[in-house]
Amino acid sequence: MQAPPQIRVLSDAVINKIAAGEVVDRPASVLKELLENALDAGSTSIRVDLVGGGRQAVVVSDDGCGMSRDDALLSIERHATSKIRDVHDVEHVQTLGFRGEALAALASVSRFTLTTRPREQEGGTEITVSGGRVLDVRETGCSPGTTIAVRNLFFNVPARRKFLRSEQTELAHARQIFLLHALAHPDVAWTLRADEREVYQLAGGASLDERIQQLFGNELIAGLRPVDTVCEGVRVHGLASLPQVTRADRSEQYLFVNGRPASAPVVGFAINEAYQALIPRGRHPVLFLFIELPADQVDVNVHPTKKEVRFRHSSNVRDALIAAIRSAIQLSAAGGPSDPLVNQLMVAARALPALRVVDLPELPAFPYPRLDPAPEGQPMPPPDRSATLLNVTVPNPDSASVSPLPTPAPSPPWSWCRVLGQAGGLYVVLETEEGLILMDPHAAHERVLFEQFMQALRRRGVKMQGLLAPESVDLPPETAERVRLNVGLLKDMGFGIADFGGDSFVVDAVPVFLSAVSARTLLGEIAGTLERGGRRAGTERWAEEQIAMAACKAAVKAQDRLTVQEIERLVRDLALCEMPYTCPHGRPTLIYMSFGELRRKFGRE
């Protein structure tokens, strides 16, 4: 019989290499750890040099507080740190790093050089380590701050080195880490050089807007709205995109918790909730959001790389995020819209004080021209040229009969517009002072009805439709319990509902705009959404989805022919909406072309 294997205590060298595998898997991980240390040192300027995508060398230089000789030697020991003292400090971490593992792990799997000098000392210290073995410690002349060079990563762990990707791939990951920290700290000056080529040179003392412009250009910043809300002790600030600015993935969602690039499942849920019924499924908004809350309300010691955090009161964070994003992307928010589509939709028109529609006596609606081939042996009929001209007398806006409208929320999508007609038997053509707008009346009517329903719901003024015969609804036990706990809420939403005992309910009325849907289906969907999102957010999400469906069913259909009065009424109602640019499903209601673009297309510029 084979003897059981003997238990041994691992050597420090093996322990360090195992630890390195937890926090370092590629040059980007090295860069992350070094940047966190530089920021914790109070640096105002950080320089990064990469060679071979970081595979050959990652060098980070800062002008932070620096270290004495003794502290520099301790910094490469495992679990040696200046950032925490005891277990209590772990629950109140204010710094980006705190475990004291990174430098020891890096020094064990690379050729490592640390050069540092406190400002109050005339000379500095240089420590050279290779594969975890200290080769040299000497005094040196250097600038105040710290420079750490990590060369030949995993040179002594070939099993790990073979998993590194190409230089281009590793450089892309390292650039992303650099970008994250540069966004999180726009007050710091940043420089990134790759193979002696300057990639970024970012001045310090910048605002978030300026930093985004430096990194992404003016086009993206024009599509973002400022976010700044405090709710239940949680502050959410930054920038969020309007529904027209979306991406196919979440690669441009930058989230920071107490200055740390990190996230949590509840954050993703809240973002989806905030943009529910505003963007199409499969599209994702662009976000630069900072979540700030007391250090003891967030646990950063969840993941070795600190990419994920856990909130003590996740519902407060969820509600704060939803409120912050919603307040920013609604047109009623101060400052008005400022994204590419809003620029398309008359940003310049804000200078005009009144919203108005110029009425025309007649609006010709031109159908699509028929292109059916003529029967064999018969000549093609001559084209109907009357359908190719829009023969409408255009009055002078200053002398035209103008119908005043009620004062809308700040920054409507146009200050005045003239209805020119319908094209293709459907699309409404509008003229504004800056260009032409095509409006899809079906999508526009959806948006108008959607917001009217939502306002009624929020005012608890939802009209109820009594059923001809009360409907008895039997639900599964768990579903019934969730409905039972929220009977009062359902009554506020327009349901006439009573507990019939056991797992049964009697429904004698439903919201008037949902009267075509069975009570059992509605209650089942409500219960499921309450389970996923909690009482407040889940109910709002359910309401929006159901109202959007009802609005779609009740809205004008694609082939409906509208009268002049109906078009003008729809234009007025759409201008008063909080979010007139998309229908509840995220499809555009308006497509704009400026006169400047028309001039360019016709070669006049």
Determine the relative contact order of segment 217-329: mean sequence separation of Cα pairs under 8 Å and six or more apart, normalised by residue count, in whole percent.
37
Quick one: Karplus J couplings for segment 584-598, per residue in order, coefficients 6.51, -1.76, 1.60, θ = phi - 60°, nearest Hz, x for Gly and Pro?
x, 8, x, 6, x, 8, 9, 10, 10, 9, 6, 5, x, 5, 4
Starting from one equal scatterer on each C-alpha and no solvent at all, send me the Debye-based log10 I(q)/I(0) for segment 100-259 at q = 0.10, 0.17 Å⁻¹, two decimals.
-0.57, -1.18
At 7 Å along Cα-to-Cβ for each site, give me the label-to-label distance between residue 193 and residue 508 in nm.
8.2
Contour minus Cα-Cα distance for residue 56 and residue 433 (0.36 nm per residue)
129.9 nm
Relative to the compact globular guide of 2.2 N^0.38 Å, what is the alpha carbon radius of gyration of segment 175-305, as a ratio?
1.10
For residue 474 and residue 500 in the same chain, what is the full-extension length gain: residue separation times 0.36 nm, less their Cα-Cα distance, in nm?
8.4 nm
Work out how much length residue 599 to residue 565 would gain on full extension: take 0.36 nm times their residue separation and subtract the Cα-Cα distance, in nm to one decimal.
9.1 nm
Placing each pseudo-label 7 Å from Cα in the direction of the beta carbon, residue 283 and residue 218 end up separated by a distance in nanometres of 2.5
Just how far, in whole angstrom, is segment 23-45 from segment 188-229 if you go by their alpha carbon centroids?
19
In whole Hz and in residue order, list the ³J(HN,Hα) couplings for segment 495-510 that follow from phi through the Karplus curve 6.51 cos²θ - 1.76 cosθ + 1.60, θ = phi - 60°; x for Gly and Pro.
9, x, 9, 9, 6, 9, x, x, 10, 10, 9, 10, 10, 10, 7, 9
Site residue 520, offset 7 angstrom along Cα→Cβ, radius 11 Å on amide nitrogen, limited to segment 468-509, gives 472-476
With the crude spin-label approximation of a point 7 Å out along Cα→Cβ, what separation in nm comes out for residue 330 versus residue 137?
6.2
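Bear in mind these aren't lab numbers, they're just calculated from the coordinates by the rules spelled out. No experiment lies behind these values; they were computed from the predicted model shown. Quick reminder, even Gly has a Cβ in these numbers, built from the backbone with ideal geometry, and neighbours come from all protein chains shown.
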